[in-house]
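Student: Encoded as structure tokens, here's the structure I'll be asking about.
The values are calculated or read from the model by the stated rules, or taken from the named source; none is laboratory data. What you see is a predicted model, and the numbers here were worked out from it, not measured in a lab. Here Cβ is always computed from backbone atoms with ideal geometry, including for glycine, and neighbour counts include all displayed protein chains. Side chains included, ligands, DNA and RNA excluded: accessible areas come from the protein's heavy atoms. Shrake-Rupley method; radii C 1.70, N 1.55, O 1.52, S 1.80 Å.
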Amino acid sequence: MVYNHMRSCVIIPARYASSRFPGKPLVSLLGKPMIVWVAELSASAVGKEHVYIATEDSRIADVVQSEGFSAIMTSNDALTGTDRLAEAAEMIDYDIYINVQGDEPLVDPDDIRHCVSIKQKYFDAVINGYCWMSFEEDPASVNFPKVITNESSELVYMSRSPLPAYKEIKKAPNRYKKQVCIYGFNRKQLQEFKNFGRKSCLEYSEDIEILRFLELNHRVLMYKCKPGSLAIDVPEDVPKVEAVMRKK
């Protein structure tokens, strides 16, 4: 059953102190800070009044507030972006909390809306997006978490290694699924995630937050998103993303 009366918001975790790219949320893309791009795309999905940026840094808060968005100040020591999201969710009252990553300036608002609608229908499941990798992308790259699902679209595992593996070359997969960092949670799920108090062993090794929910025995439903999403992980990614943005 779908409960359309549920109140939904987007929270964008944005940390200034990134180890690989300090100040990444404020990097300029075609003259506009990346975090503002992501916030505007999220606003077109759920409305500007339901978009929040969760950050530990006043510089990020000042920029988004100057553009009319709400900032939620969180602690400096959040273990992950999802922990930061859980912290922020304690300060605002919604039924559904959508996590959109602050380094995904090409996120599609339709994919955010789709996440909301699936979460309304499967409220007790954690929702996460995926898309098919293009043939230009290297499955062996550790920058792309590869997604393994069962035939019911439930997450079995996610890895930075090229999975599924194969014993014989004739059984090699034709293509791979990669994670798209749009998630749907309810308050209880976020509280349980945060209360775990540490990264799980698999989460720590793979550096993939969603794996903690498997340790908590949560059903994780994966849904298909449009291809073409590009995240900015390191400064070298900026010109590639800007080139795609110019085409759009």
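Student: If a paramagnetic tag sat 7 Å from the Cα of Met91 along the Cα-Cβ line, which residues of region 27-56 would have the backbone N under 16 Å from that point?
Tutor: From region 27-56, the list is 50-56.
Student: How about region 1-77: which trypsin sites (Lys or Arg not before Pro) there lie in a loop by DSSP and see at most 15 other Cβ atoms within 10 Å?
Tutor: Arg7, Arg20
Student: Over the alpha carbons of region 95-248, what is the largest minus smallest coordinate on each principal axis, giving the biggest first in Å?
Tutor: For region 95-248, the Cα extents along the three principal axes come out at 42, 39, 29 Å.
Student: What residue among Pro25, Ala54, Trp132 has its Cα farthest toward the positive end of the dipole of the chain, where the charges are +1 on Lys, Arg and -1 on Asp, Glu, each on the Cβ?
Tutor: Towards the positive end, the residue furthest out is Trp132.
Student: Sticking with this structure for a sec: Nothing charged except the Cβ atoms of Lys and Arg (+1) and of Asp and Glu (-1): what's the magnitude of the dipole of region 170-248 about its Cα centre? Round to the nearest 20 debye.
Tutor: For this selection, approximately 580 debye.
Student: With the crude spin-label approximation of a point 7 Å out along Cα→Cβ, what separation in nm comes out for Ser152 versus Arg7?
Tutor: Inter-label distance under the simple model: 3.3 nm.
Student: Average projected area of the Cα convex hull of region 1-118, in nm²?
Tutor: Taking a quarter of the hull surface, the average projection is 7.2 nm².
Student: Let me ask you something else. With a sphere of radius 14 Å drawn around the Cβ of Ser205, what net charge do the other residues whose Cβ falls strictly inside it have (Lys, Arg +1; Asp, Glu -1)?
Tutor: Cβ neighbours under 14 Å give a net charge of -1.
Student: Obtain the nm distance between the two label points defined at Phe21 and Arg246 by a simple spin-label model: each point lies 7 Å from its Cα along the Cα-to-C-beta direction.
Tutor: Here the answer is 1.8 nm between the modelled labels.
Student: What is the dipole size for the chain, taken about its Cα centre, with +1 at each Lys and Arg Cβ and -1 at each Asp and Glu Cβ, in debye to the nearest 20?
Tutor: With Lys and Arg at +1 and Asp and Glu at -1, about 660 debye.
Student: Can you list residues whose amide H is under 5 Å from Cys225's amide H, if they're 5+ apart or on another chain and H is modeled 1.01 Å from N?
Tutor: Tyr130, Cys131
Student: Along the charge dipole of the chain, Cβ charges K/R +1 and D/E -1, which of Asn195, Ser42, Gly81 sits furthest on the positive end?
Tutor: Of Asn195, Ser42, Gly81, it is Ser42.
Student: Still on this structure, please answer the following. Specify the longest stretch of the chain that does not include any exposed loop site, a site being one of the chymotrypsin sites (Phe, Trp or Tyr not before Pro) with a non-H, G, I, E, B DSSP assignment and at most 13 other Cβ atoms within 10 Å.
Tutor: Here the longest segment lacking exposed loop sites spans 4-134.
Student: What is the dipole size for region 141-202, taken about its Cα centre, with +1 at each Lys and Arg Cβ and -1 at each Asp and Glu Cβ, in debye to the nearest 20?
Tutor: Approximately 200 debye in magnitude.
Student: Another question about this same structure. Would you kindly calculate the mean projected area, averaged across all directions, of the convex hull enclosing the Cα atoms of region 1-60, in square nanometres?
Tutor: With the hull built on Cα positions only, its mean projection is 5.6 nm².
Student: Let me ask something additional. List the pairs from Lys121/Lys146; Lys24/Lys194; Lys170/Lys199 whose alpha-carbon separation is above 27 Å, in the order I gave them.
Tutor: The pairs that break the limit, which is 27 Å between Cα atoms, are Lys170/Lys199.
Student: Given a Förster radius of 25 Å and the C-beta distance between Asp110 and Tyr166 as r, what FRET efficiency does 1/(1 + (r/R0)^6) yield to the nearest 0.05?
Tutor: For Asp110 and Tyr166, the calculated efficiency is 0.15.
Student: Under DSSP H, which helices of the chain have Cα atoms covering 30 Å or more of the helix axis and a Kyte-Doolittle average no less than -0.5?
Tutor: None clear 30 Å together with a mean of -0.5.
Student: May I ask for the distance between the Cα centers of region 1-57 and region 167-217, given as a whole number of Å?
Tutor: Result: 21 Å between the Cα centres.
Student: Right, another one. Using a 10 Å Cβ count of at most 11 others and DSSP loop calls, identify the longest part of the chain lacking such GluC sites (Glu not before Pro).
Tutor: 1-135
Student: Counting only protein heavy atoms and using a 1.4 Å probe, what share of the accessible area of the chain belongs to carbon plus sulfur, as a whole percent?
Tutor: 50
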